[in-house]
Amino acid sequence: MLTEQFPDSMYSFSDQQELKFNYQDSTNYFKILFQDKLFLFNKNGKQLSTGFDNIKFSKASGYFETETIFKHENKLITTKGLVDSTGIEIIKCKYKQIDINKEDSSIYCCSAVYNNKLNDDVYNYKGEIIYSNRMHIEHSSKTIHVLKSFEKNGIYFIENSLTNEKYQLAGDRFYYLKNNIAFCLNNDSWFTIDLTNKKKQKIDKASYFFTLFYFIIP
């Protein structure tokens, strides 16, 4: 096994009870703990990653989320990245949060790791940046980006990079559903919106809770 400290050396490792079930499961990958770091391998024995504090499956098949933990100003900071099944580091382990939109194979990342926030970024599955913005990216596809400004509470900014259209959306909460449809709460108003054409559909809360009650209570 190659490590960053000893790149030209080979190591063996003892039986690791806490990770053996990972090797015995149905996936093609397993992890090895060495020098307090986790390393990703495939079951042909090929090492796929350098050492991280944590490695776990992501929402997209064949991609693994990596975590590095360190201390900054007496606080433990966790940064995240992404590697693929061939061992390529698609996204450097430097973001606070990584979300994958499997509908169109895009990855959007929050950079608010320190007090001085950098741009949030959107990547494709090849690890290429396809969009970047100084505001927080609440949700993103390859063409539609939902931005949240903490300077203007209750306002989301929608950008369509395909049509170059930009508009604002008033709301206290934003939840992406699927097929470019989102659910929003704005004070006491509930509605869904088609992010591509801005068409809204109001949701009757009384009817919603009645339907929910009907299905939950026998």
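The values are calculated or read from the model by the stated rules, or taken from the named source; none is laboratory data. All of these numbers come straight from a predicted model, not from anything done at the bench. Cβ placement follows ideal geometry from the backbone for every residue including glycine, while neighbour counts extend to all protein chains displayed.
Computed values, structure above
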{"item": "Check on Asn101, of a type outside the set (Val, Ile, Thr), more than 22 Å from Tyr29 (Cα to Cα) and at pLDDT below 95", "result": "no"}
{"item": "Any hit, the stretch 40-56, residues being among the small types (Gly, Ala, Ser) and modelled with pLDDT of 95 or more", "result": "no"}
{"item": "Inter-residue pairs, beta-carbon under 9 Å, first in the same structural domain as Lys94 (by TED's automatic domain parsing) and in the stretch 115-136, second part of a strand (DSSP E or B), 6+ apart", "result": "none"}
{"item": "Any chance Met1 is more than 26 Å from the chain's Cα centre (by Cα), at pLDDT below 90 and surrounded by 12 or more Cβ atoms within 10 Å (Cβ to Cβ)", "result": "yes"}
{"item": "Residue match in the stretch 83-95 (condition: exposed (fewer than 12 other Cβ atoms within 10 Å of the Cβ), touching a strand residue (DSSP E or B) at 6+ places or on another chain (Cβ under 6 Å) and assigned to a strand (DSSP E or B))", "result": "no"}
{"item": "Given (1) of a type outside the set (A, V, I, L, M); (2) without any contact (Cβ under 8 Å) to a residue 40 or more places away in the chain; (3) closer than 23 Å to Tyr175 by Cβ; (4) buried (at least 17 other Cβ atoms within 10 Å of the Cβ), number of the condition Thr79 does not satisfy", "result": "(3)"}
